[in-house]
Structures are given as C-alpha cells and as structure tokens.
Amino acid sequence: MNNLISTTLLILFLTESINCDSFENENVTECLIEGDILCPRTKSVYKAGHWVLFNSILDKSRLWPNRIVNLYVDPIFDFYEQAVISEAIDIIESKSCVRFKRLESKPVSNDRVDWINLQRLSGCYADLGRVGGEQKMSLASSCLDNGPYKAVHELMHALGFWHEHTRPDRDDYIQVVFGNIRPGYEQNFYKQKFYQTDLLGLVYDYR
Ligand SMILES: [Zn+2]
C-alpha cells in the first residue's frame with residue numbers, strides 16, 4: 001500500500017497542478033473544497049473560511065470495505081473516454097490491493113450498496129472517501145482528453161486521499177506563493193491541521 005500512496009501522492013501533486021492551471025471547475029456550481037473535492041454533507045463545520053473536517057481520511061469507516069470500490073460508469077462516455085477510465089482503474093489496481101467492481105447498472109435505493117456514480121458532468125470532482133449509498137463523481141470530457149491521470153486523481157479522492165500540497169507540514173517541503181494564486185482560488189492552497197488528516201507516516205512526496 002505504501003507504494004500506492006507514494007505514487008499517488010505524486011500523481012495528486014502533478015495532476016492538481018494541471019487542474020488548477022486549466023480551471024476546469026471554474027463554472028461548477030457544486031460546493032467544492034480545494035477545487036475538486038465535494039463538500040461533506042454531514043459532520044462538518046465551516047469556520048473562518050476553512051472546512052473543518054473531523055471525519056475525513058481520519059475516519060476509517062469511510063474507507064471502502066474489503067478494498068472493493070463499486071463503480072458505475074455512465075454509458076454516456078464514448079469509447080475513447082471509457083478506455084481512459086479503464087486505464088486509470090488499471091493504474092490504481094496495478095499499484096495497490098484496491099479493486100474496482102464495475103457495476104453494469106445503477107443499484108436501486110433498497111440495494112443498500114455504496115457506490116460511485118461516475119458521470120460526465122461539468123468539471124472534475126469527487127467525494128472524499130466512501131460516503132454511503134450513491135456518491136457522485138464527475139469527469140468532464142476535458143478531464144479525460146490528456147491521459148488517465150486526472151481520472152486517477154479523482155478516483156484517489158474517492159479512496160480517501162486529500163491533496164499532497166495541503167498537508168500540514170507542506171511548508172517544510174514546498175513554498176506556496178499566495179501572490180501568484182489567481183484571486184478567489186486561495187482556499188485551494190490552505191494547509192490542513194495535523195488533527196484533520198492522516199499522513200500515514202509518510203513524508204511529502206514531490207518527486
Ligand atoms: Zn483533487
């Protein structure tokens with residue numbers, strides 16, 4: 001699992017730069033944290049401009065049981081997009097024990113299944129970890145037109161990973177120049193508190 005984490009933190013760092021550069025979520029009306037993570041719908045507090053999350057990656061109940069992630073991919077994605085999504089899944093599975101179970105149809109409400117509804121909406125975003133029942137993920141066409149890594153990025157959020165550049169010790173490794181951030185996007189670069197995230201005993205990965 002450590003190899004997965006190391007690799008994916010790198011992926012998160014690299015692909016988040018792409019996300020921020022392209023402003024793909026500029027017109028998304030969803031509530032997003034750090035640019036592409038859906039705001040939690042329970043047990044959260046918005047205080048002093050920061051989302052204070054006590055049940056994010058720290059809450060291990062939001063990991064996927066048995067490392068199996070139920071994923072429904074909307075058939076609206078074309079052949080090329082489906083291939084890119086499959087490649088993203090293969091990348092994660094090749095580096096971890098996580099497995100994605102592709103659902104042929106949407107579960108109905110009384111199935112009591114936790115699942116990701118991957119759709120082509122506006123922008124690229126996902127929930128953090130397993131939410132319970134249906135949870136939304138969006139990959140617009142622009143999220144899939146330059147290889148699989150934006151899809152990997154969003155799938156990693158759904159596994160429970162925050163962005164590497166917001167970890168609480170990031171200033172020991174990188175310098176965030178707020179003067180260079182487009183006005184209105186500063187919150188994408190706020191640091192988390194140590195009590196808000198689990199660093200899994202790993203140092204910052206920016207290789
Ligand atoms: Zn992200």
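The values are calculated or read from the model by the stated rules, or taken from the named source; none is laboratory data. Since the model is a prediction, treat every value here as computed from it, not as a measurement. Neighbour counts are summed over all protein chains in view; Cβ atoms, including those assigned to glycine, are modelled from backbone coordinates with ideal geometry.
Residues that are closer than 23 Å to Glu26 by Cβ, more than 16 Å from the ligand (Cβ to nearest atom) and not in a helix (DSSP H, G or I) are absent from region 154-175 altogether. Scanning region 57-106 for residues that are in a helix (DSSP H, G or I) and surrounded by fewer than 12 Cβ atoms within 10 Å (Cβ to Cβ) turns up Lys60, Ser61, Pro65, Asn66, Phe79, Tyr80, Ser94. Which numbered condition in (1) polar (S, T, N, Q); (2) surrounded by fewer than 19 Cβ atoms within 10 Å (Cβ to Cβ); (3) within 15 Å of the ligand (Cβ to nearest atom); (4) farther than 30 Å from Val73 by Cβ is the only one that Gln192 fails? Of (1) polar (S, T, N, Q); (2) surrounded by fewer than 19 Cβ atoms within 10 Å (Cβ to Cβ); (3) within 15 Å of the ligand (Cβ to nearest atom); (4) farther than 30 Å from Val73 by Cβ, only one is false for Gln192: (2).
Residue-by-condition table, conditions (1) in contact with an Asp or Glu (Cβ under 9 Å, 6 or more places away or on another chain); (2) under 15 Å from His153 (Cα atoms):
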site	(1), (2)
Asp59	no, no
Pro65	yes, no
Pro75	no, no
Asp78	no, no
Gln82	no, no
Asp90	no, yes
Val108	no, no
Asp111	no, no
Trp115	yes, no
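Of all residue pairs spaced 6 or more apart or on separate chains, those with beta-carbon atoms under 8 Å, a first member in region 54-77 that is under 9 Å from Gly129 (Cβ atoms) and a second member that is modelled with pLDDT of 80 or more and among the aliphatic types (A, V, I, L, M) are Ser56/Leu128; Ile57/Leu128; Arg62/Leu128; Arg62/Val131; Leu63/Leu159; Trp64/Val98; Trp64/Leu159.
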